[in-house]
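In what follows, a single structure is set out as structure tokens and then discussed.
Read-outs: derived from the displayed coordinates by stated rules, not from any lab. None of the values given here were measured: they were computed from a predicted structure. All Cβ positions, glycine included, derive from the backbone under ideal geometry; neighbour counts span all protein chains shown.
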Amino acid sequence: MSENRTFPCPGCGSMLEFDPAAQQLRCPACGSQTPIPVDANAVIMEYPLEEAERNAPTDWSSATATVTCGGCGTKTVVPADSGTAECPFCGSKQLIRDTQTNTIRPESLIPFIIPRDDAKVRFKTWIRKKWLAPGIVRNSSRSDKMNGVYVPYWTYDTQTDYNYTAEAGTHYYVTEYRNRTDASGKQVREAVQVQKTSWRPVFGSGDRFFDDIPINASRNESRRQMEKLSDFSFQGLVPYRPEFLLGFMAERYGVSVTEGFEMACETVRTALTQDVRNAIVADEVRNIRLDVRYRDVRFKHLLAPIWLSSFPYGKKVYRFVINGQTGTVKGDYPKSPWKVALLILLVLAVAVGVFFLVRYLQMQGG
Ligand SMILES: [Zn+2]
Ligand SMILES: [Zn+2]
């Protein structure tokens, strides 16, 4: 490992870390603080999709190194000087340094705002509210080591033009006659109003601009949990600087910029389908078919902060994630079989109670 520290403390020479509470660099050895240089001319650029592989910057700065985890295969970017690293996702210490580094560099990032201690408190508050968890878990679970990880995102802008065809339905009512047995056992004939729908074809066109559609670019197994943490505010973006990574790891994207765009197109189609549904004046709409054209597609690559940790219970380890910007907690937790059984009994008891109440009221009425 290199002896020249890339970000040395001006006081004692130890390696600095990014401090979320102060939004500055802090020395873990002597406590001195160093502001992060602000580049007044830095603008967060967006790049045309068709030029992605050619023109987007790939230089993350020589102050960083890419490592591949021998355990789970995740690629992360770490400060070049950090020696003792373990994979934040699977805990493996088999981290292999990559030499090839031509992946697109993030244009911007959301810095960590929630400090590590605050994240621990938020975990405790979260697990205490999980009524179905065994008492011992709710009251005395301690989180394992909190790993701060920047997770890769793509965001896409696109102008869309679309044509659609669909079927619009109008309700009408017809009178039908049915035989029924009344309370005294007699057959009676009664008229009922039945709702029917008449369908007609409709078509039209429209356009809409989409700004910053976020796509999680992680291929990691924690992706499922991270997707529930979609409450990032992209207003908090700052231009990328390697200083923000000090003390943290940054996962490299596993979803390519073109794969990410295909996912963004799904988001677009869902939104446009809803637009079409709202635009058609009808009682019901079905069989919406869209033909969408995308123009002026631009993307940016950014990093979003997440605290990753886990806690043990019995023979299992339960993983959870905390949004490093907003503090939202999501994760798995053990459920007490007794409490689950109790809940099912309670629901059944209510259902049976309602059934007999309805029967009783019908008897009173009839
Ligand atoms: Zn120092
Ligand atoms: Zn791993």
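For this structure, a couple of remarks:
- Residue among Ser336, Val268, Leu357 farthest towards the positive dipole end of the range 251-361, charges placed on Cβ: Ser336
- Taking the convex hull of the alpha carbon positions in the chain and averaging its projected area over all directions gives 27.8 nm².
- Taking each residue as 0.36 nm, the span from Thr170 to Trp131 lengthens on full extension beyond its C-alpha to C-alpha distance by 9.4 nm.
- Packing-based order for 111-122, 141-152, 34-45, using average beta carbon neighbours within 10 Å, highest first: 141-152, 111-122, 34-45
- Max mean-square fluctuation residue, GNM over the chain, Cα-Cα springs under 10 Å, options Thr175, Thr328, Thr76: Thr175
- Interchain or long-range residues, amide H under 5 Å from Ala65's placed H: Val78, Ala80
- Annotation for the range 297-366: trypsin sites (Lys or Arg not before Pro) lying in DSSP loop with at most 12 further Cβ atoms inside 10 Å of their Cβ are Lys315.
- In terms of surrounding Cβ atoms within a 10 Å radius of their Cβ, Ser184, Ser309, Ser14, Ser233 rank from fewest to most as Ser184, Ser233, Ser14, Ser309.
- Between Thr273, Thr170, Thr160, the Gaussian network model of the chain with springs among Cα atoms under 10 angstrom shows the greatest mean-square fluctuation at Thr170.
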